[in-house]
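Below is one structure; the comments refer to it alone.
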Amino acid sequence: MPDAVGQGHPSASRPVIPGVAVVVACRSMRRVTPSTPISLTDLREMSAARFGDLVKGVVDLERGVMVVDAEMHSDEEAELLSEGSRQQDLWGINLYPDLPEADWLEFDSMINLRPSSGNRSRSVEDPATRERIREIVRKLVRR
């Protein structure tokens, strides 16, 4: 059996035993809906555990849900797509739970880069789309 554990992998320092699976603990993303909102306290804990000051999220404008707490927006996007979301409805954001509400939402993600749809930057350029994202986040996060 080939050694599937590479350098830099959390299990790289452990010996590889043929025929024995290596299980690496990982945190899962959290799906947030109007019926299962998230608290600011939960977001603070997520930010402290992963990036220190922010939580990445992807919002589905059509379904009014979001997924938070992944290493990359693209992972959250993939999760929502697997649930039936449409890519054109998904927008990446960053939440900074320790900032005041007026400053805590950032529209910055590689998944937002869509030149063929008129969005030519990592930001969300359309003001109406930004406002829809703000409304959904307000409904999903208990401040």
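The values are calculated or read from the model by the stated rules, or taken from the named source; none is laboratory data. Worth saying up front: this structure is predicted, and the values here are computed from it rather than measured. As a convention, Cβ positions derive from the backbone with ideal geometry for all residues, glycine included, and neighbour counts pool all protein chains shown. Ligands, DNA and RNA are excluded from the accessible area calculation, which covers all protein heavy atoms including side chains. Shrake-Rupley method; radii C 1.70, N 1.55, O 1.52, S 1.80 Å.
At what distance in nm do the modelled label points of A48 and R63 sit from each other, each positioned 7 Å from its Cα along Cα→Cβ?
3.1
Could you give me the radius of gyration and the Dmax of region 29-96, taking only the C-alpha atoms into account and expressing both in angstrom?
11.3, 31
Order 121-129, 104-112 from most to least packed using the mean count of other Cβ atoms within 10 Å. Display every interim value, and only then the final one.
Numbers: 121-129: 13.9, 104-112: 17.8.
Ranked from most to least packed, the peptides come out as 104-112, 121-129.
Please compute the net charge surrounding N112, taking Lys and Arg as +1 and Asp and Glu as -1 over other residues with Cβ under 14 Å from its Cβ. Intermediate results must be reported in sequence, preceding the final value.
Details: positive: K56, R114, R120, R122, R130, R132; negative: D60, E76, E77, D89, E106, D108, E125, D126.
Cβ neighbours under 14 Å give a net charge of -2.
Leaving ligands, DNA and RNA out of it, rank S116, S39 by accessible area with a 1.4 Å probe, largest first. Before the final figure, lay out the partial values.
Details: S116 120, S39 20 Å².
I get S116, S39, largest accessible area first.
Show me 90-100, 43-53 ranked by packing, highest mean number of other Cβ atoms within 10 Å first.
On the way: 90-100: 19.3, 43-53: 15.6.
Highest to lowest by the protection proxy: 90-100, 43-53.
What accessible surface, in Å², does a 1.4 Å probe find on K139, ignoring ligands, DNA and RNA and rounding to the nearest 10?
My reading of the accessible area for K139 is about 150 Å².
Return the tail of the calculated pair distribution for region 29-143, meaning the percent of Cα-Cα pairs more than 16 Å apart.
Numbers: 3572 of 6555 pairs.
Roughly 54 percent, once rounded to a whole number.
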